[in-house]
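Engineer: Sending over a structure as structure tokens; questions will come in a sec.
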Amino acid sequence: MYILETSVYPREHEELRSLRDISTQHHLGRAAIVAPAEADECEEDDRDWSLHGLFPLTTALALPQDGKIIAIDPDKEAFEKGLPYIKKANVENKIEFIHSKALPILDKLLEEKNTEEGTFDFAFVSANKTSYREYHERLIRLIRVGGLIAYDNTLWYGTVANPNDIEVPQEVSEIRDYFINFNASLASDPQIEISQISVGDGLTLCRRSTRIIGTRRYEENRLREPAKGLKLQMDYKLCIQGVIDLKLPLNPRTVSMYILETSVYPREHEELWRLRDVSTQQYFGFMTTPPEEGQLLSLLLKLMNAKKAIEIGVFMGYSLLTTALAFPEDGKIITIDPDKEAFEKGLPYIRKANVERKIDFIHSKFLPILDNLLEEGSDEEEEYDFAFMDTDKTSYGEYHERLMRLTRVGGLIAYDNMLWYGQWLTQRTPGSRSPSTKAEIT
């Protein structure tokens, strides 16, 4: 609720909020998106199960004027209930609604090889859960290299994390078992890069990373043991998360470990794993960037084709190595930290990963370097694609003022530790914002 009240509801588009209100009153209201999500700057989109049009509206608002969405759903009545809100938002022209089951339409799109295969930028799936694998086999061909597929509900109310400890209805357990296998298959699919995140009911982002198309045998995951210091890191970093409506006894630690063991450890670069193992055993080892966070940032950097970055606060370099591995060969990272000793402890792992040439380490306090970059006549203003901030927290406001000038329009700034180990849970005061709180976003 803190994130919703602080960062989501105030920025939610008026028609999204109105449509969400009626969608959550539907008998399938649990399936509605509870937060507006920015899509990449893409022009074509393919999605299934619109439920009052909430998903297409979210995407349509994020797309440019010439953007196009194919929305597929067998429930035309539900979509038409949401259509007035889509019209009020003035984005109806971007949406082509197809009243049908999804698989026949996807197959038809694939028949038009010269026009549709490999042309879509984004796909969102929140449909018949036990058909996700069939959707994936088709969508991986429809999405362009570098495009994104988002699968909703992949944590299934958290039941995938401890299937033997929770008694649930049979219809829930059947889908839970399917998702356990589906999540494992995504984690081992070499055609994609993934990041599974615990927003809502679980969302798995898949970036198509290769031109190799075809059926493959899904292999069993290669599980990697957690680094020795990981438990301490999780003790510091773990924040409480809720479960929507079903009131299942979701253990956030169990969900975190499930994501790590299923989607993160099997794909973690060997030198990242070694560096994390060493970093988390240090006195301030809890400061090491969590591997699931690094995986998400890596995916985002590749989606935006980033190649120039600033990193403020390095410690032993886990997030720095993550960024360097995600960057192309001509990528460049300016990294600033007054603790040269910690950086040098991690440098051997950066060298073994063969990315040291991408990194310009500056041994200094942070603000003077940022000010130097912004000096009159400098060509650095609005030149950076990405900035990562993980240093003295009480100066974040000052850094933000400078990074907003250094980062290009459309660039990304990532601030770490913004939930501060969940301390906001004990600091909240009466009178917090309600879902109706709005802000005009242009």
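Engineer: Restricting to segment 162-214, name every residue that is touching a helix residue (DSSP H, G or I) at 6+ places or on another chain (Cβ under 7 Å), modelled with pLDDT under 80 and under 17 Å from Ile143 (Cα atoms).
Structural biologist: Within segment 162-214, just Ile213 meets the criteria.
Engineer: Right, next: Here are Arg133, Arg138: which of them is buried (at least 16 other Cβ atoms within 10 Å of the Cβ) and either farther than 25 Å from Thr154 by Cα or without any contact (Cβ under 8 Å) to a residue 60 or more places away in the chain (or both)? Spell out the reasoning first.
Structural biologist: Details: Arg133 fails: buried (at least 16 other Cβ atoms within 10 Å of the Cβ).
One residue alone meets the criteria, Arg138.
Engineer: Sort through Phe327, Phe315, Phe361, Phe388 and tell me the only one that's aromatic (Phe, Trp, Tyr) and on the phi > 0 side of the Ramachandran plot. I'd like the intermediate steps shown before the answer.
Structural biologist: On the way: Phe327 fails: on the phi > 0 side of the Ramachandran plot; Phe361 fails: on the phi > 0 side of the Ramachandran plot; Phe388 fails: on the phi > 0 side of the Ramachandran plot.
Exactly one of Phe327, Phe315, Phe361, Phe388 is aromatic (Phe, Trp, Tyr) and on the phi > 0 side of the Ramachandran plot, namely Phe315.
Engineer: Moving on to the next point. Out of the residues in segment 259-292 that are assigned to a helix (DSSP H, G or I) and touching a strand residue (DSSP E or B) at 6+ places or on another chain (Cβ under 9 Å), which is surrounded by the most Cβ atoms within 10 Å (Cβ to Cβ)?
Structural biologist: Within segment 259-292, the match that is surrounded by the most Cβ atoms within 10 Å (Cβ to Cβ) is Ile259.
Engineer: Out of everything in segment 333-370 that is under 26 Å from the mean Cα position of the chain (by Cα) and assigned to a loop (DSSP other than H, G, I, E, B), what residue ends up being nearest to Val278 (Cα to Cα)?
Structural biologist: Ala353
Engineer: So, one more: For segment 394-442, name all the residues that are in a helix (DSSP H, G or I), surrounded by fewer than 11 Cβ atoms within 10 Å (Cβ to Cβ) and modelled with pLDDT under 65.
Structural biologist: Once the filter is applied, which keeps residues that are in a helix (DSSP H, G or I), surrounded by fewer than 11 Cβ atoms within 10 Å (Cβ to Cβ) and modelled with pLDDT under 65, segment 394-442 yields Thr426, Gln427.
Engineer: Do we find a residue being assigned to a strand (DSSP E or B) and either surrounded by 15 or more Cβ atoms within 10 Å (Cβ to Cβ) or in contact with a helix residue (DSSP H, G or I) (Cβ under 9 Å, 6 or more places away or on another chain) (or both) anywhere in segment 107-119?
Structural biologist: Residues of segment 107-119 that are assigned to a strand (DSSP E or B), as a first pass: none.
No: segment 107-119 contains no residue that is assigned to a strand (DSSP E or B) and either surrounded by 15 or more Cβ atoms within 10 Å (Cβ to Cβ) or in contact with a helix residue (DSSP H, G or I) (Cβ under 9 Å, 6 or more places away or on another chain) (or both).
Engineer: Scan segment 55-66 and tell me whether some residue there is exposed (fewer than 15 other Cβ atoms within 10 Å of the Cβ) and at pLDDT below 60. Spell out the reasoning first.
Structural biologist: Keep residues of segment 55-66 that are exposed (fewer than 15 other Cβ atoms within 10 Å of the Cβ), which gives 64-66.
Keeping just the survivors that are at pLDDT below 60 gives none.
Looking through segment 55-66, none of the residues is exposed (fewer than 15 other Cβ atoms within 10 Å of the Cβ) and at pLDDT below 60.
Engineer: Next question. Do any residues in segment 171-186 that are touching a residue at least 24 places away in the same chain (Cβ under 8 Å) have Cβ atoms under 8 Å from those of residues that are part of a helix (DSSP H, G or I) and of a type in the set (Gly, Ala, Ser), where the two are at least six apart or on different chains, and which pairs are they?
Structural biologist: Close Cβ pairs (under 8 Å, with a partner that is part of a helix (DSSP H, G or I) and of a type in the set (Gly, Ala, Ser)) amount to Asn183/Ser263; Leu186/Ser263.
Engineer: While we're looking at this one, here's another question. Given the options Ile72, Ile33, name the one that is at pLDDT 85 or above and surrounded by 15 or more Cβ atoms within 10 Å (Cβ to Cβ).
Structural biologist: On the way: Ile33 fails: at pLDDT 85 or above.
Result of the check over Ile72, Ile33: Ile72.
The values are calculated or read from the model by the stated rules, or taken from the named source; none is laboratory data. On a predicted model such as this, the values are computed, not experimentally measured, just so you know. So basically every Cβ, Gly included, is an ideal-geometry build from the backbone, and we count neighbours across all protein chains shown.
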